[in-house]
Amino acid sequence: MSGSTVTASHQLSCAPSRAARELGLKRSEFDLAVHLGHIWTVPDEGGGGRRVTRSELDRLRTQDGFPDALQERVRVVGTSEGASVMGVPVSRFTRLARLGVVAPVRFYLNRYRAVVWLYLAEELRQFAADEENCPLLNARRTPEGMRDLLDAGLDLRARNWRGRHREFLLRVADGPWESAGALAAFLDPVQISEIVPDPYERSHLIRFRPGPPAQGAQGSPAAYLAERITTADDPDEISRLRADLTRTLEDARRLRPAPRPAAKQAPPVPERRSTACEQQLAAAVPEQPPRGLLGWLRRKSA
């Protein structure tokens, strides 16, 4: 029965690679569309990751302007092209990004291991079209308060990316431990050990903790840099993550406690049975009379 259910589920859905082809998207564009909530996925009942239902594909195909409109919604640009979209110099665009005015949705490391931030072209276009943002775009100089922050080294690009990535991980989490793992993905192991001192709970939590986006082989400088970007380093951000993780773990413990090994019990001592030889020897030994009677007989004979 379960096998037929899984087969039926696969017939009514498809793997991400096939869904991307049917929607006219590159795999990276498809993944970003899923992250942004434009494409909804469901868990694979066979345990093979997430899938896209046929009804979801039909919904996307019937949208106005498909597939160009969907492709434009996930188009990303770097700093130079982003500045062109907003109609500002590259230097001003970089300052706005560092101040958190615009938030990246992706990053990658170039061959020099420098971080390249990517932004949604659609968001930048909408920001530039809003008249309230004209002072930031057209002022001759950055406001003094913002200049002070930049001079102090403020750079919110990594933090803003973490916020967007955290929203995605929580959106696709299928249970309380999965949600806890999504929050733990942005804390270093020391923080996690402090919040979850129980080794069995901590081991169970780590099972659901996603790693950073793939950026090179494990242990490589690129992977180390990606892990550093993924790990929260701002005190306020860390404090909020710790509080959210603590609260989520309380729900997880109540709804689905972490598995623990069964308590070991001492094996029962088997009852010793006398052998046939011992039984024969016992039968051959005459029964000894009571000690009081034996003394009386000796005195009588004397």
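Could you tell me which of the residues R59, R95, R111 is open to solvent by 70 Å² or more (accessible area, probe 1.4 Å), part of a loop (DSSP other than H, G, I, E, B) and either without any contact (Cβ under 8 Å) to a residue 12 or more places away in the chain or farther than 28 Å from D174 by Cα (or both)?
Sole residue among the options that is open to solvent by 70 Å² or more (accessible area, probe 1.4 Å), part of a loop (DSSP other than H, G, I, E, B) and either without any contact (Cβ under 8 Å) to a residue 12 or more places away in the chain or farther than 28 Å from D174 by Cα (or both): R111.
Would region 128-143 turn up any residue that is at pLDDT 95 or above and open to solvent by less than 40 Å² (accessible area, probe 1.4 Å)?
yes
Against the definition (of a type in the set (A, V, I, L, M), touching a residue at least 40 places away in the same chain (Cβ under 8 Å) and open to solvent by less than 80 Å² (accessible area, probe 1.4 Å)), how does L241 come out, yes or no?
Yes, satisfied.
Can R247 be described as more than 25 Å from V105 (Cβ to Cβ), basic (K, R), over 13 Å from the mean Cα position of the chain (by Cα) and modelled with pLDDT under 95?
no
Would you call R92 within 29 Å of V42 (Cβ to Cβ) and basic (K, R)?
In short, no.
For Q218, only one of the following conditions fails: (1) farther than 29 Å from W40 by Cβ; (2) assigned to a helix (DSSP H, G or I). What is its number?
(2)
Filter region 67-79 down to the residues that are open to solvent by 60 Å² or more (accessible area, probe 1.4 Å) and in a loop (DSSP other than H, G, I, E, B) and list them by number.
If the condition is that a residue be open to solvent by 60 Å² or more (accessible area, probe 1.4 Å) and in a loop (DSSP other than H, G, I, E, B), then R75 is the only one that fits.
Within the bounds of region 166-188, is there any residue that is under 14 Å from L241 (Cβ atoms), open to solvent by 40 Å² or more (accessible area, probe 1.4 Å), in a helix (DSSP H, G or I) and touching a residue at least 40 places away in the same chain (Cβ under 8 Å)?
Among the residues of region 166-188, not one is under 14 Å from L241 (Cβ atoms), open to solvent by 40 Å² or more (accessible area, probe 1.4 Å), in a helix (DSSP H, G or I) and touching a residue at least 40 places away in the same chain (Cβ under 8 Å), which makes the answer no.
Sort out which residues of region 19-31 are open to solvent by 70 Å² or more (accessible area, probe 1.4 Å) and part of a loop (DSSP other than H, G, I, E, B), and write them in order of number.
Result: K26, single match.
Tell me which residues, restricted to region 32-52, are open to solvent by less than 40 Å² (accessible area, probe 1.4 Å) and not in a loop (DSSP other than H, G, I, E, B).
Listed by number, the residues that qualify are L32, A33, V34, R51, V52.
The values are calculated or read from the model by the stated rules, or taken from the named source; none is laboratory data. These numbers come from a predicted model, not from an experiment. FYI the Cβ positions are ideal-geometry reconstructions off the backbone, even for glycines, and counts take in every protein chain you see. We work out accessible area using only protein heavy atoms, side chains counted, and drop any ligands, DNA or RNA first. Shrake-Rupley method; radii C 1.70, N 1.55, O 1.52, S 1.80 Å.
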